[in-house]
Amino acid sequence: MSNILVFYQYFSTPAGSWGTRYYEFGKRWVAAGHKVTIVTAVYDRSDLNVNGVVSKKRIEGIDVVVINVKLSQKHRRSRRLFSFAVYLALASIYACLKRADIVIASSGPLSVGVLGLIARWVRGRKLIFEVRDLLPEAWAEMGALEEGRGLALSRALAKACYQSAHSVVALSPGMAEQIHKISPTTHVKVITNAADIDLFGGEGELSEDVARLAAEKAILLYAGTLGLANSGGEFVDIAAELTRRGDDRMQVVLIGDGSERAGLEERAYREAITNVTFLGKQPKTAVAEWHRAATAILIGFKPFPIMETSSPNKLFDGLAAGKPIINNTRGWIAGLLDESHCGFTHVPGDVQAAADHIQRLVDDPNLCGSMGRRARQLAEDRFSRDQLADAYLSLFE
């Protein structure tokens, strides 16, 4: 049995509206006989509530330490940096004092890597550094961090984490390639986000509102952030293109929140684009219901090359639900969909091609159904939570 200490600021259970990677992995590691402690913060899309500066909970056998620091994608940069700093200061106590055989530092934010370095070099712990986003390069590409001392220090920190870790976990093959360019000798294992086979692939009746829309329209579903990196505007463009073609058989449904949501809603209202619906944040159980009702799942990022390495939860949710994927990234996801024949890829911004793909699926139920079945099979064969949790266990051993 190992004592596993995880630093991850965005922990959530399915009752929240965020990914449940460490909830799912943690309870499986507990079942395998390990003791798991997760030190987290209060993300506005999670379901965690706290009293006092630090709150301790036991969830499915996992010891969850919640530091009362509020995090939100809507916060200004200064507040986000302050929140990261406060979390770092308080969590460093656990990095120094908490008994652990293995420490996992899951980034972003990149500052979490400091906790891993403390555990590695001050206490001699085995360190696994997990890369969920390629930072700071993603910041640099999107203009959030300009060339200068801050970017140089961030790159030095990332390299130190790669070289200090006993293993680095990358969430996609593209991330692994970029990490090896920076640190060629680092041991990197790809453990993607996982498909929740049970929740998203389960049966169940639809609620009245969802069932009514599904009976009237083919639902094109996006469930994720509407922020700087995401193609929220492209989804509205797709809805407008379908209207321009006189095709009223589809409804674009956008679940999620973010810094660009208000502007997108205002635009849809101003331009009278009525075949797009904004639902805001929803608990994971409701997101799964919408997946059951959907005809196809939309995945879209703005054309930053770094986003071609992403491993978005929405991909794996769509696969688990057995739905065709409409994707605009040109990286590993495009290759996966092409080789598995379970979706289409178009160039970012090419809404005519996206609309063509959508109309093809709606016009051909047999094609839509066969792609959906292959998507589900792919989820079961390569991306189940049990398989990926076991992949982590091999690193522990």
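The values are calculated or read from the model by the stated rules, or taken from the named source; none is laboratory data. Predicted model, so just to flag it, every value in this text is computed and none were measured. Counting neighbours? That spans all protein chains shown, and the Cβs are built from the backbone with ideal geometry, glycine included. Surface accessibility is based on the protein's heavy atoms, side chains included, excluding ligands, DNA and RNA. Shrake-Rupley method; radii C 1.70, N 1.55, O 1.52, S 1.80 Å.
Where only protein heavy atoms count, and the probe is 1.4 Å, what is the accessible area per residue for the range 60-180 in Å²? Kindly include the intermediate steps, with their values, before the conclusion.
On the way: 5350 Å² over 121 residues.
That works out to 44 Å² per residue.
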From the cross-link list Lys70/Lys98; Lys35/Lys281; Lys56/Lys323; Lys217/Lys302; Lys56/Lys281; Lys74/Lys284, the entries with a Cα-Cα span beyond 30 Å are Lys35/Lys281; Lys56/Lys323
The chain - mean residue ellipticity at 222 nm from DSSP helices (-39,500 (n - 2.57) per run, n ≥ 4, rounded to 500):
-14000 deg cm²/dmol
Could you calculate the FRET efficiency of His180 with Ala32 from 1/(1 + (r/R0)^6), where r is the beta carbon distance between them and R0 is 35 Å, rounded to 0.05?
0.75
Could you size up the charge dipole of the chain around its Cα centre, putting +1 on the beta carbon of Lys and Arg and -1 on that of Asp and Glu, and report it in debye to the nearest 20?
1780
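Can you tell me which of 376-386, 286-296 comes out highest on packing, and rank the rest after it, using the mean Cβ neighbours within 10 Å?
On the way: 376-386: 17.9, 286-296: 21.6.
Per-residue Cβ counts within 10 Å, averaged per peptide and sorted highest first, yield 286-296, 376-386.
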Projected label distance in nm at Ala156 and Ser394, using a 7 Å step from Cα toward the beta-carbon
3.6
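Carbon and sulfur together cover what percent of the accessible area of the chain at a 1.4 Å probe radius? If you can, show how the numbers build up before the last one.
Numbers: 8260 of 16380 Å².
After summing per-atom areas, the C and S share lands at 50 percent.
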From largest to smallest, what semi-axes in whole angstrom does the range 293-367 give when each is the square root of 5 times an eigenvalue of its alpha carbon gyration tensor?
19, 15, 10
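So which GluC sites (Glu not before Pro) in the range 242-273 end up in coil per DSSP with only 14 or fewer other C-beta atoms within 10 Å?
Details: sites: Glu260, Glu265, Glu266, Glu271; in loops: Glu260, Glu271.
Answer in residue order: Glu271.
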Of all DSSP beta bridges in the chain, what percent run antiparallel (nearest 5)?
15
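Rank by packing, highest mean first: peptides 308-319, 122-133, 362-373, with packing defined as the count of other Cβ atoms within 10 Å averaged across residues. Show your work: numbers first, answer last.
On the way: 308-319: 25.2, 122-133: 20.2, 362-373: 14.7.
Top of the packing list down: 308-319, 122-133, 362-373.
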